[in-house]
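The block underneath contains the structure these notes are about, expressed in structure tokens.
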Amino acid sequence: MNGEIMNKNWKKNIRDAYKQLKDDIVWLYPNNTTETFLSVIWNASQKAFDIPREVQVMVDANENLYISYGTPGFVSFEGHEDELINGAPMKLPIRCWIHTHPFGTAFWSMTDWKSLKTWKPVLDSAIVLGDNEYLAYGLDTQVAKKVLFGVMEPPETVINYKTEEEELTVSSVSGINEEIKMEEE
């Protein structure tokens, strides 16, 4: 699996971001700080490997992170067992399970629903990341929040569009320049 990794620091980047942001992170109803952290995970999923791959991050009761990656369509801890004893064994309950769908939208696949059902007794919340969106889910309440987020560029046809105010400013400046030229002559 190591030949697949293009950025050897991808797990460290996720852990460093979490360490910096964790005091303000909210799992069930993610805020801007949480979205920043989710973006770090999404970017790892897209750029840390030879191809976009699913990445999962589990946050345990002690706020330790357990991280693994898989194929473009599946992720588990198989082959990443060392991650499960990273520093300390995982402490239940799991505060949040985050994973990516690198080629799609944020939704719960049938495999995801089965995982959620299996882990429900010890899992507080879960978040799935898609392309510039996430779906956060509280297992006890069954309340979900789906959000589109990211950088939104205007369409090419709008980039050169000038508002009336901009047009007036341009024509006023042009008029003033013409008056100055006439006075100089």
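Coordinate-derived values only; no laboratory data. All values reported here derive from a predicted model rather than from experimental measurement. Don't worry about glycine lacking a Cβ; one is built from the backbone with ideal geometry, like all the others, and counts go over all protein chains shown.
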Handout entry: Which listed pairs, of Lys91/Lys120; Lys11/Lys47; Lys8/Lys114, have C-alpha distances above 20 Å, in listed order
Key = Lys8/Lys114
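Run the numbers for Met6 and Gln142: contour at 0.36 nm per residue of separation, minus the present Cα-Cα distance, in nm. If you can, show how the numbers build up before the last one.
On the way: separation 136, 0.36 × 136 = 48.96 nm, distance 3.73 nm.
Stretched fully, the Met6-Gln142 segment lengthens by 45.2 nm.
Counting only trypsin sites (Lys or Arg not before Pro) that sit in a DSSP loop (anything but H, G, I, E, B) with at most 15 other Cβ atoms within 10 Å, what is the longest stretch of the chain containing none of them? It would help to have the intermediate numbers written out before the result.
Numbers: sites that count: Lys8, Lys91, Lys162.
It runs 9-90.
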Exercise for the section: Could you check what % of the DSSP bridge pairs in the chain are antiparallel, to the nearest 5? Expected result: 80
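Scanning the chain for helices, which whole DSSP H stretches are 20 Å or more long along the axis (Cα) and average -0.5 or more by Kyte-Doolittle? It would help to have the intermediate numbers written out before the result.
Details: long enough: 32-47 (22 Å, -0.34); 164-184 (30 Å, -0.75).
What comes out of the filter, once short or polar helices are dropped, is 32-47.
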Handout entry: Answer label, with Cα Rg over 2.2 N^0.38 Å calculated from the coordinates and candidates (1) 1.26; (2) 1.47; (3) 1.02
Key = (2)
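Please get the size of the charge dipole for the chain, origin at its Cα centre, with Cβ charges of +1 on Lys and Arg and -1 on Asp and Glu, quoted in debye to the nearest 20.
In total the dipole reaches around 1660 debye.
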